[in-house]
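In what follows, a structure is listed as structure tokens, so that the remarks can point back to it.
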Amino acid sequence: MGLSNTNDRYGSLSMAMHWLMFLLLVGVYACIELRELYPKGSDPRNALKAWHFTLGLTVFALVWLRIVLRLFQVTPAISPPIPGWQQVLSKLVHFALYALMIGMPVAGWLILSGEGKPIPFYGMELPALMAKNKDLAHTLEEIHETAGTVGYYLIGLHALAGLYHHYFMRDNTLKRMLPGS
């Protein structure tokens, strides 16, 4: 298997980016959910929140490479071909996932900026994207949390679709993205 995609399967670079993004998203969600196990202001809670921000911004940085790969490489064909409505739905879900991977980190960055808090990124502090504005930050936080919930459903739908195609449709949808298959 080469680095680049072929007409039959994704290349190792696309696969690595796909599964790395999956692991990062698991980390982002796990950090924000697990923080609830600790009291407000505690070191473990603050560390989990900092990792949530850092991993989210890592997703934001890497999603651009995924987009470049998607735009400049061939997309392997699904065999046997799927119906047109499934192709449209697939494109919509992928678009929504990319919007999530771009919009959520930007919203998080804006929330921290509006709250006047530091924006942590691997030991550095990134600049604020806007002036302190707690009302706007609160509104953005509500949107961010709702979009996060929608993200659970999108990721679940994406995974279930791959499993459905593999086990029920018996096509190569999932196999195209699995290393060694």
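The values are calculated or read from the model by the stated rules, or taken from the named source; none is laboratory data. Note that the structure is a prediction, hence the values are computed from the model and not measured. In this analysis, Cβ positions are derived from the backbone assuming ideal geometry, glycine residues included, and neighbour counts consider all displayed protein chains. SASA here: full protein model, heavy atoms, side chains in, ligands and nucleic acids out. Shrake-Rupley method; radii C 1.70, N 1.55, O 1.52, S 1.80 Å.
Compute the helix-to-body angle for 84-114: its Cα long axis versus the longest principal axis of the chain, expressed 0 to 90° and rounded to tens. Result, in degrees: 20. A 1.4 Å probe over all protein chains sorts Y153, Y164 by accessible area into Y153, Y164, starting with the largest.
In this structure the amide hydrogen of F121, modeled in the peptide plane, comes within under 5 Å of the amide hydrogens of L126, none closer than 5 places in sequence on its chain. Taking Cβ atoms as reference points and 12 Å as the exclusive limit, the residues near Y152 contribute a net charge of -2, counting Lys and Arg as +1 and Asp and Glu as -1. When a 1.4 Å probe is rolled over the protein heavy atoms, the share of accessible surface on the chain that falls to carbon and sulfur comes to 69 percent.
The stretch between A159 and T139, if pulled fully straight at 0.36 nm per residue, gains 4.2 nm over its current Cα-Cα span.
Computed about its Cα centre, the charge dipole of region 1-51 is approximately 160 debye, with only Lys, Arg, Asp and Glu carrying charge at their Cβ.
Note on T58: accessible area approximately 20 square angstrom, rounded to 10, probe 1.4 Å, nucleic acids and ligands left out. Looking at V59, M177, A161, which one has the Cα that reaches farthest to the positive end of the dipole of region 54-181 (charges on Cβ: Lys, Arg +1; Asp, Glu -1)? Of V59, M177, A161, it is M177. If you find the alpha carbon centre of region 119-156 and of region 16-59, how far apart are they in angstrom? Going from one Cα centre to the other spans 13 Å. Modelled spin-label separation between S4 and E125, with each label point placed 7 Å from Cα along the Cα-to-Cβ direction: 4.6 nm. For the chain, the relative contact order comes to 22 percent (Cα pairs under 8 Å, sequence separation of at least 6). Electrostatic tally near D43: other residues with Cβ closer than 13 Å to its Cβ, Lys and Arg +1, Asp and Glu -1, net +4.
Over 27 Å between Cα atoms: which of K91/K132; K49/K175; K91/K117; K91/K175; K49/K132 fall into that group? Listed pairs above 27 Å: K91/K132; K49/K175; K91/K117.
Between the helical axis of 12-34 and the longest alpha-carbon principal axis of the chain there is an angle of about 40 degrees. If R₀ is 25 angstrom, what is the calculated FRET efficiency for the pair Q86 and W19, using the beta carbon separation as r and rounding to 0.05? Efficiency, from the Cβ-Cβ distance: 0.60.
When Lys and Arg each count +1 and Asp and Glu each count -1, what net charge do the other residues less than 11 Å away from N172, Cβ to Cβ, add up to? My count for the surroundings of N172 gives +2. Shown here is the pair-distance distribution of region 52-181: with all Cα-Cα distances grouped in 5 Å bins from zero up to the longest one, the shares run 2, 9, 15, 18, 17, 13, 10, 7, 6, 3, 1 percent.
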